[in-house]
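We did not get these values from a lab; they are worked out from the coordinates using the rules stated. Bear in mind that the values here come from a model prediction, so they are computed numbers and not experimental data. Counting neighbours? That spans all protein chains shown, and the Cβs are built from the backbone with ideal geometry, glycine included.
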Amino acid sequence: MLVDKIFGSLNDPARIGAAGNSLGSYTVLAVADGISDPELLQVLYRSPASDVSCRPPPPAAVMRCETVARLSADPDFHQRYSEAGKSYRDERIRAVFAMAPGARAGLRTGQP
């Protein structure tokens, strides 16, 4: 948008924000320096502090089992999964509006 010939001049590059809902919230939190950490979700799910609203629904539990199996069997998948801890921060983003970020417990900050 910043270089768009119609809208570019209407954008202030010092005031860029991002908004997302549900999984889109997870994405905007990632560009704001949230680092994906799948193990954090697993810790939460196994925690005594976890209530029924914190536990993944049955399809997610099945998907997790399949993911664990695939990590051992598929080197390409393992390599891609290992990149979950990378930062996808976009320095241009100054603010985010994250609506219902369900998987937020799987994020940690990239800040030291």
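For the reader, a short list of remarks on this structure follows.
- Residue among L41, G85, A100 farthest towards the positive dipole end of the chain, charges placed on Cβ: A100
- Helical content alone sets the calculated 222 nm signal of the chain at -11000 deg cm²/dmol, taking -39,500 (n - 2.57) per DSSP H segment of four or more residues and averaging over every residue.
- Whole-number percent relative contact order across the chain, with pairs defined as alpha carbons under 8 Å at least 6 apart: 52 percent
- Antiparallel bridge percentage (DSSP; both residues within the chain; nearest 5): 35 percent
- Spin-label model distance (nm) - R108 vs Q79, 7 Å beyond Cα toward Cβ: 2.5 nm
- Inter-site label distance for R70 and Q42 at 7 Å from Cα along Cβ, in nm: 1.5 nm
- Per-peptide average of other Cβ atoms within 10 Å, ordering 34-40, 2-8 highest first: 34-40, 2-8
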